[in-house]
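Report on one structure; see the data block that follows.
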Amino acid sequence: MLPAILQDEVSSMLSKFSGSEQHIKKLMPLSGGSINNAFMIETAEGKYFLKYNRASAYPGMFEQEARGLKLLHDAGEVRVPELIGFDEAAEYTYLVLEYLESAGREQNFWENFGRKLALLHRHTNDYFGLDHDNYIGSLKQYNNRHESWLQFFIEERLMVQMEMAGRSGLLSSSMRQAFERMFESLNSIFPNEPPALIHGDLWSGNFMVDEKGQACIIDPAVYYACREMDIGMSRLFSVFGTDFYQAYNEVYPMEAGWHERTEICNLYPLMVHVNLFGAGYLASVQSILSRF
């Protein structure tokens, strides 16, 4: 059940957003999220998506998610849910978005999704990182700016996760040494490309099909990065449709060897999973390190 104070605060937010008084007529809990509580809320004006948590649980999470959604929305390439607002009420913090009805995938779903992601990755910046930190899942994601992708990837992505795993006893000295050996070889692996605006956590659970049958991306962990980070994540747990990658490469071709490089990119989300869910993901990390 949604806490009463949140019902009042959300009704007030929706009233300000729409310009007319709104009252919640229907609440429906939604499944799928492992971090926050989620609801579909319905008023006389329509449906909205709400998620909330205790403000002390993940400080700044919804503000940072809202900023990421705005970055992606302003790029204008791949649809994201419209941001209604975010705020705190008593001990709670919450985020309200438009509620998207789903339909069957359009005929050229994967091709169109691939083209749109390629266009998103054309949006660039003069540094790798972001002007604020955010979250990937429930872990803080540090986005300190770097001019070098390799320096950013090692210091802000892999080493942060290695230190976390080391503190909890999950990273052995031999695996740490394997990481360090790989670091020495990375200069000749990644292409020299400008920073790309990426979703940052692009797996099958973080896109949905909207009412037109088109892709809509959700739950971003955005920053400016090597664009192959998104491509790698899309192949980590369940490969997107083959036509997705072909269409992507027609719009923004990746340099030869991208299949192998995305395995290195995936060391980051795999280490995130090690730190979130335990040692079961270490075998995949070890397998990649042994090949490079």
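The values are calculated or read from the model by the stated rules, or taken from the named source; none is laboratory data. Computed from a predicted model, the values in this text were never measured in an experiment. Note that we place each Cβ from the backbone using ideal geometry, even for glycine, and neighbour counts take in every protein chain shown.
Listing for the model above:
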{"read-out": "Helices (runs of 4 or more DSSP H) wholly inside the range 56-168 that include at least 1 residues being of a type outside the set (Asp, Glu) and farther than 29 Å from MET40 by Cα", "value": "109-121, 149-152, 159-167"}
{"read-out": "Failed item, numbered, when MET28 is tested on (1) surrounded by 14 or more Cβ atoms within 10 Å (Cβ to Cβ); (2) assigned to a strand (DSSP E or B)", "value": "(1)"}
{"read-out": "Lone unmet requirement of (1) more than 24 Å from ILE198 (Cα to Cα); (2) in a loop (DSSP other than H, G, I, E, B); (3) in contact with a Lys or Arg (Cβ under 6 Å, 6 or more places away or on another chain) for GLN22", "value": "(3)"}
{"read-out": "Residue that is surrounded by the fewest Cβ atoms within 10 Å (Cβ to Cβ), among those in the range 162-189 that are among the charged types (D, E, K, R) and farther than 13 Å from TYR142 by Cβ", "value": "GLU184"}
{"read-out": "Positions within the range 36-66 being modelled with pLDDT of 95 or more and at positive phi, in sequence order", "value": "GLY60"}
{"read-out": "When residues of the range 143-161 are limited to those that are surrounded by 15 or more Cβ atoms within 10 Å (Cβ to Cβ) and under 18 Å from the mean Cα position of the chain (by Cα), the one nearest to LEU186 (Cα to Cα)", "value": "PHE153"}
{"read-out": "One residue from TYR281, TYR252, TYR248 being aromatic (Phe, Trp, Tyr) and buried (at least 21 other Cβ atoms within 10 Å of the Cβ)", "value": "TYR248"}
{"read-out": "Verdict on GLY85 being assigned by TED's automatic domain parsing to the domain that holds MET40 and closer than 30 Å to VAL10 by Cα", "value": "yes"}
